[in-house]
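Throughout, read-outs are computed from the coordinates displayed, never taken from laboratory work. For clarity, every value in this text was computed on a predicted model and none was experimentally measured. Methodologically, a virtual Cβ is constructed for each residue, glycine included, from the backbone with ideal geometry; neighbour enumeration extends over all protein chains shown.
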Amino acid sequence: MRISPSIVCLNFKPITNDAFVIYPNPSHGVFKLQLKNNSSTKLTILNSMGQVIKMADINGQAMIDLSAYTNGIYFVRIAQGDQIYYAKLLKE
């Protein structure tokens, strides 16, 4: 029997940039999104196939609940005015 080594990489740091913070990541389904300003923001959640599964208009902060969806990688698209940001979420 041959055993192949595997690499496990866990990143529990929040996703952060000039516009927002998302945490925890990875999560069991519920993520918190905190905007760094209160401007009107369009939030879109996409699955790994690029299909839109959720959309919302938010100000300030939001809870992203992916509990009803299968484990895997999801993408967040955040549009603030003419700025568009993307982040990857991992649901375990």
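Take the Cα of residue 55, step 7 Å toward its Cβ, do the same at residue 79, and the gap between the two points is 0.8 nm. Between residue 48 and residue 28, the contour length at 0.36 nm per residue exceeds the alpha carbon distance by 5.5 nm.
Can you give the FRET efficiency to the nearest 0.05 for residue 68 and residue 37, using r as the Cβ-Cβ distance and R₀ = 22 Å? The calculated FRET efficiency here is 0.15.
At 1.002 mPa s and 20 °C, plugging the Kirkwood radius over alpha-carbon pairs of the stretch 15-91 into Stokes-Einstein gives what diffusion coefficient in µm²/s? Each step should come with its number before you reach the end.
Values: Rh = 12.3 Å.
In µm²/s, the coefficient is 174.
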